[in-house]
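Novice: Take this structure, written in structure tokens, and hold onto it; I'll ask about it next.
The values are calculated or read from the model by the stated rules, or taken from the named source; none is laboratory data. In this text the structure is predicted, and so the values were computed from the model without any measurement. No Cβ is skipped: glycine too gets one built from the backbone with ideal geometry, and neighbour counts run over all protein chains shown. Just so you know, the surface numbers come from the protein's heavy atoms only, side chains and all, with ligands and any DNA or RNA stripped out. Shrake-Rupley method; radii C 1.70, N 1.55, O 1.52, S 1.80 Å.
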Amino acid sequence: FRPVSSGCPPPSSSPHRRLTKVSVIGAGNVGMAIAQTILTQNLADEIALVDALPDKLRGEALDLQHAAAFLPRVRIVSGTDASVTRNSDLVVVTAGARQIPGETRLDLLQRNVALYRKIVPPVAACSPEALLLVVSNPVDVLTYVAWKLSGFPPSRVIGSGTNLDSSRFRFLIAEHLDVNAQDVQAYMVGEHGDSSVAIWSSISVGGMPALKSLQDSHRSFDEAALEGIRRAVVGGAYEVIGLKGYTSWAIGYSVASLATSLLRDQRRVHPVSVLAAGFHGISDGHEVFLSLPARLGRGGVLGVAEMDLTEAEAAQLRRSAKTLWDNCQLLGL
Ligand code: 6V0
């Protein structure tokens with residue numbers, strides 16, 4: 001193109017929007033689902049991919065770049081070390097070892113901690129002002145590990161936690177009531193996975209408390225139906241992994257929704273893994289991360305909701321916190 005004079009100062013001297021950079025560490029099933037969702041939602045100007053396997057990484061980066069004609073203009077860079085992530089606004093960590101047959105969860109945790117020791121300090125050094133979003137499992141303990149290893153304030157270290165569990169919860173309630181899942185407000189909190197806690201009192205549909213909606217819809221609403229929904233939420237990941245070998249799309253959208261709230265300063269409330277010491281009777285000395293509804297914005301965690309829990313719900317949270325704290329202490333960080 002022949003340059004034209006616009007009469008405006010050249011771009012380098014004109015004030016312009018700061019570019020947004022997101023890095024994804026671990027270009028596996030989950031990392032790539034997150035990268036592609038962030039790409040299609042036009043959340044970043046630059047996406048950096050990091051993986052330990054150079055050929056796979058280059059293949060993934062090229063595959064995304066080849067879609068450039070159909071997507072918003074985003075620079076995609078990749079590399080096997082942290083330098084490619086320099087000056088990120090948000091770093092999403094999905095790298096993780098998978099459980100091998102016969103291995104205990106604690107052995108797996110130790111292997112993932114060893115991995116995080118290699119990954120987190122250089123990433124934090126390259127982007128000292130970034131928000132760190134942990135996705136690898138066990139997500140609550142690894143969020144604690146990332147917090148310790150990064151030296152970041154707790155407000156800038158977040159685990160994806162039960163954001164995905166809550167989405168499954170909302171989907172199942174929506175199916176039960178034949179409404180749109182976006183109109184269902186409902187939270188799962190606590191530890192991501194088997195011991196997550198369904199907050200039944202939090203459910204509202206179109207602004208109405210769920211009990212009333214359920215009664216009005218003349219559908220069955222009994223203990224058994226509730227327990228069935230909770231079990232389906234907890235078993236959801238196992239079911240998908242049993243059928244296709246891994247989960248990817250839902251966690252991709254879940255993390256992209258967190259990235260939107262954070263990078264666009266949306267101040268939306270998400271159940272995510274945050275430093276929970278002092279909440280719901282969890283000891284101040286127990287520096288555990290578990291999911292509570294948190295208000296997210298450009299500064300990270302801006303506030304944590306004080307939920308009105310039943311004694312049974314609060315006791316379950318404290319039990320999870322105790323187990324998590326016991327695990328954290330074994331790590332010697
Ligand atoms: P995967 O497909 O095995 O991908 C992991 C990737 O990490 C691989 O490409 C590895 O090469 C890479 N990797 C390993 N070591 C390093 C390193 N040192 N630096 C950079 N990259 C490295 O696994 P998948 O993508 O399926 O899962 C990733 C993690 O996400 C696992 O821990 C899952 O358990 C976890 N999930 C967490 C969810 C949540 O809700 N928090 C949901 C789904 C999966």
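Novice: Give 226, 292 a once-over and let me know the one that is touching a strand residue (DSSP E or B) at 6+ places or on another chain (Cβ under 6 Å) and away from the ligand (no atom under 14 Å from the Cβ).
Specialist: Criteria check complete, one pass: 292.
Novice: I would also like to ask the following. Given the conditions (1) open to solvent by less than 10 Å² (accessible area, probe 1.4 Å); (2) under 23 Å from residue 170 (Cα atoms); (3) within 17 Å of the chain's Cα centre (by Cα), report the number of the one that residue 237 does not fulfil.
Specialist: Failed condition: (1).
Novice: Still on this model: Considering each residue of region 260-295, count those that are over 30 Å from residue 330 (Cα atoms) and in contact with a Lys or Arg (Cβ under 6 Å, 6 or more places away or on another chain), and give that number.
Specialist: So the count comes out to 5.
Novice: Residues of region 45-55 being surrounded by 16 or more Cβ atoms within 10 Å (Cβ to Cβ) and either within 6 Å of the ligand (Cβ to nearest atom) or within 13 Å of residue 257 (Cα to Cα) (or both), which ones?
Specialist: Answer for region 45-55, where residues must be surrounded by 16 or more Cβ atoms within 10 Å (Cβ to Cβ) and either within 6 Å of the ligand (Cβ to nearest atom) or within 13 Å of residue 257 (Cα to Cα) (or both): 50, 51.
Novice: Out of all the residues in region 121-150, which are of a type outside the set (A, V, I, L, M, F, W, C) and over 17 Å from residue 294 (Cα atoms)?
Specialist: 121, 122, 127, 128, 129, 136, 137, 138, 148, 150
Novice: Okay, moving on. Kindly evaluate residue 189 against the criterion of being assigned to a helix (DSSP H, G or I), more than 15 Å from residue 328 (Cβ to Cβ) and either among the acidic types (Asp, Glu) or open to solvent by less than 50 Å² (accessible area, probe 1.4 Å) (or both).
Specialist: The answer is no for residue 189.
Novice: Taking residue 73 as meeting all but one of (1) outside any strand (DSSP E or B); (2) open to solvent by less than 50 Å² (accessible area, probe 1.4 Å); (3) closer than 23 Å to residue 265 by Cα, write down the number of the exception.
Specialist: (2)
Novice: I need the full set of residues from region 242-270 which are within 9 Å of the ligand (Cβ to nearest atom) and either closer than 22 Å to residue 200 by Cβ or open to solvent by 20 Å² or more (accessible area, probe 1.4 Å) (or both), in order please.
Specialist: 245, 246, 247, 250, 254
Novice: Any idea which residue in region 20-36 is nearest to residue 265 (Cα to Cα), counting only those that are open to solvent by 10 Å² or more (accessible area, probe 1.4 Å) and within 6 Å of the ligand (Cβ to nearest atom)?
Specialist: Here the answer is 30.
Novice: Moving to a separate point now. Considering each of 86, 73, 111 in turn, give the residue that is more than 15 Å from the ligand (Cβ to nearest atom), under 24 Å from residue 125 (Cα atoms) and of a type in the set (Lys, Arg).
Specialist: 86
Novice: Give the number of residues within region 276-293 that are farther than 15 Å from residue 323 by Cα and touching a Phe, Trp or Tyr at 6+ places or on another chain (Cβ under 8 Å).
Specialist: Adding up the residues that qualify gives 2.
Novice: Which one of these is more than 11 Å from the ligand (Cβ to nearest atom), under 20 Å from the mean Cα position of the chain (by Cα) and closer than 23 Å to residue 61 by Cα: 130, 95, 146?
Specialist: The unique qualifying residue is 130.
Novice: Right, another one. Quick one: would you say residue 227 is modelled with pLDDT under 85, over 27 Å from the mean Cα position of the chain (by Cα) and within 17 Å of residue 312 (Cβ to Cβ)?
Specialist: no
Novice: In region 179-193, how many are at pLDDT below 90 and either more than 13 Å from the ligand (Cβ to nearest atom) or of a type in the set (A, V, I, L, M) (or both)?
Specialist: Residues in region 179-193 being at pLDDT below 90 and either more than 13 Å from the ligand (Cβ to nearest atom) or of a type in the set (A, V, I, L, M) (or both): 0 in total.
Novice: Can you tell me which residues in region 98-108 are of a type in the set (D, E, K, R) and either more than 10 Å from the ligand (Cβ to nearest atom) or in contact with a helix residue (DSSP H, G or I) (Cβ under 7 Å, 6 or more places away or on another chain) (or both)?
Specialist: Once the filter is applied, which keeps residues that are of a type in the set (D, E, K, R) and either more than 10 Å from the ligand (Cβ to nearest atom) or in contact with a helix residue (DSSP H, G or I) (Cβ under 7 Å, 6 or more places away or on another chain) (or both), region 98-108 yields 103, 105, 107.
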